[in-house]
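Reading through the structure tokens given below for one structure.
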Ligand code: SF4
Ligand code: SF4
């Protein structure tokens, strides 16, 4: 079904802002710049003026919108319930429809959003090529010869940030991993489009931890990218098309809970009912689908951990992923899980829920602001004395790993389910604790 034309933010959503400014100090771009136009209140004011025809979408207007991380910290603290995420996504969709991007950006969007992201086999092929590129010697030689100078700065930035790809990739399949002990029913894992290649071990840990907790774990074939990047970039029709495919993939069998280990994907999947609200063929299915979606942290904490957790001596600090803390409002579950592991000591940062500057592809599109936020974050990490940064989203894992390297800090980055997985291995007498990627 064709998507209806983007209509921009709704006036009733914009009108919920009472200009109290209580969100300002929670906004990373306002704190960094001190500019009202880079605050949630300022952006809402501009969007309302634009919606009412009092200003045009000038380059200044677009700049203030682009610099927003869509971290939704403002939404989480707003006493008036302003749905900032929905507003900004609608604004970006409208801008994309009414202000055609330069030809090279349109080409890039077409390649990424149309030719690549909807096709898992093509993503796997590209990941295989990148893994070949990362073979010992080749990447170093390319960098030494400075061959990458011929590419745009954004591509060079991506190359510099790319962590070592997993030695093997993770794929959905028809296989079921049986649960241990007394059965608790099925669990369907959403594998994501980045995790299987950059952090296959996180998906594997998720399957093992769920199985140890008594769930028969499936990773349904046919699932695709959640559409989060597309929606945040204003590509609403592309996001809707992916949502329909995921709904079909997860509704063809049992109505098991859908477990997600990537906070950004989880937030998008939980909002499929809004995304497909104008599609009569999928509206109800999207509602049923969204009600089955759980972040792996909230699911495990809600149903209580089973089995013997061995000691994993680590000093950790927990970075709240924006789309887990602010979009899904899940903050205590990951901490409860970490505190349940013997040997884990949790040291809180001063601002654990402040964005690390990853924000989808923000670290590529807005490298300067992203670097400032990352530097602040790493200072906060350093003040805790932790040896491991634990988080719950691949984008955050990638960004924080870059932070360790940039700041010359020792330490490593891990996902919450990896820590649980190591604890289960230790509980079975397996002393080997795999090192997470730095
Ligand atoms: S978005 Fe909410 S917290 Fe921020 S100024 Fe408006 S009403 Fe106040
Ligand atoms: S989404 Fe984040 S960056 Fe954007 S206005 Fe809200 S707090 Fe600021």
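The values are calculated or read from the model by the stated rules, or taken from the named source; none is laboratory data. Keep in mind it's a predicted model, so treat the numbers as computed, not measured. Glycine gets a Cβ as well: all are built from the backbone with ideal geometry, and neighbour counts include every protein chain shown.
Brief remarks on what is shown
- Taking the stretch 252-276 as the range and being free of Cβ contacts under 8 Å to residues at least 60 places away in the same chain and touching a helix residue (DSSP H, G or I) at 6+ places or on another chain (Cβ under 6 Å) as the test, the residues that pass are 268, 270, 272, 273, 275, 276.
- Test result for residue 25, part of a helix (DSSP H, G or I) and either crowded, with 20+ Cβ neighbours inside 10 Å or within 10 Å of ligand 1 (Cβ to nearest atom) (or both): no
- Filter result (part of a helix (DSSP H, G or I), within 16 Å of ligand 1 (Cβ to nearest atom) and closer than 13 Å to residue 9 by Cβ) within the stretch 57-113: 65, 84, 85, 86, 87, 88, 89, 90, 91
- On the stretch given as the stretch 193-215, residues that are in contact with a helix residue (DSSP H, G or I) (Cβ under 9 Å, 6 or more places away or on another chain) and over 18 Å from residue 298 (Cα atoms) total 9.
- The residues of the stretch 47-56 that are over 27 Å from the mean Cα position of the chain (by Cα) and within 13 Å of ligand 1 (Cβ to nearest atom) amount to a single one, 48.
- Screening residue 225 on (1) in contact with a strand residue (DSSP E or B) (Cβ under 9 Å, 6 or more places away or on another chain); (2) more than 17 Å from residue 176 (Cα to Cα) shows it passes everything except condition (1).
- Note on the stretch 223-274: enclosed helices (runs of 4 or more DSSP H) holding 3 or more residues that are under 12 Å from residue 290 (Cα atoms), at pLDDT 95 or above and not assigned by TED's automatic domain parsing to the domain that holds residue 328 are 236-250, 263-270.
- Within the stretch 241-266, tally of residues that are over 11 Å from residue 188 (Cβ atoms) and within 14 Å of the chain's Cα centre (by Cα): 6
- Among the residues of the stretch 1-12, the ones that are buried (at least 18 other Cβ atoms within 10 Å of the Cβ) and either at pLDDT 95 or above or more than 14 Å from ligand 1 (Cβ to nearest atom) (or both) come to 2 in all.
- Residues of the stretch 126-148 include none that is away from ligand 1 (no atom under 16 Å from the Cβ), touching a helix residue (DSSP H, G or I) at 6+ places or on another chain (Cβ under 9 Å), under 21 Å from residue 231 (Cβ atoms) and in a helix (DSSP H, G or I).
- Qualifying residue in the stretch 390-405 (condition: more than 16 Å from ligand 2 (Cβ to nearest atom), outside the structural domain of residue 30 (by TED's automatic domain parsing) and surrounded by fewer than 16 Cβ atoms within 10 Å (Cβ to Cβ)): yes
- Hey, residue 102 at pLDDT below 95, away from ligand 2 (no atom under 15 Å from the Cβ) and more than 22 Å from residue 268 (Cβ to Cβ) or not: yes
- Restricting the first member to the stretch 364-375 and to residues that are over 17 Å from residue 404 (Cα atoms), and the second to residues that are assigned to a helix (DSSP H, G or I) and at pLDDT below 90, the beta-carbon pairs closer than 6 Å and six or more apart or on different chains are 364/154; 364/157; 364/158.
- Selection count, the stretch 116-127, where residues are over 19 Å from residue 243 (Cβ atoms) and without any contact (Cβ under 8 Å) to a residue 24 or more places away in the chain: 4
- Taking the numbered list (1) surrounded by 17 or more Cβ atoms within 10 Å (Cβ to Cβ); (2) under 25 Å from the mean Cα position of the chain (by Cα); (3) within 14 Å of ligand 2 (Cβ to nearest atom) in turn, residue 32 passes all entries but (1).
- Identity of the residue in the stretch 35-46, under 27 Å from the mean Cα position of the chain (by Cα) and near ligand 1 (Cβ under 10 Å from one of its atoms), that ends up surrounded by the fewest Cβ atoms within 10 Å (Cβ to Cβ): 42
- The residue that is nearest to ligand 2 (Cβ to nearest atom), among those in the stretch 35-49 that are more than 13 Å from residue 71 (Cβ to Cβ) and touching a residue at least 40 places away in the same chain (Cβ under 8 Å), is 44.
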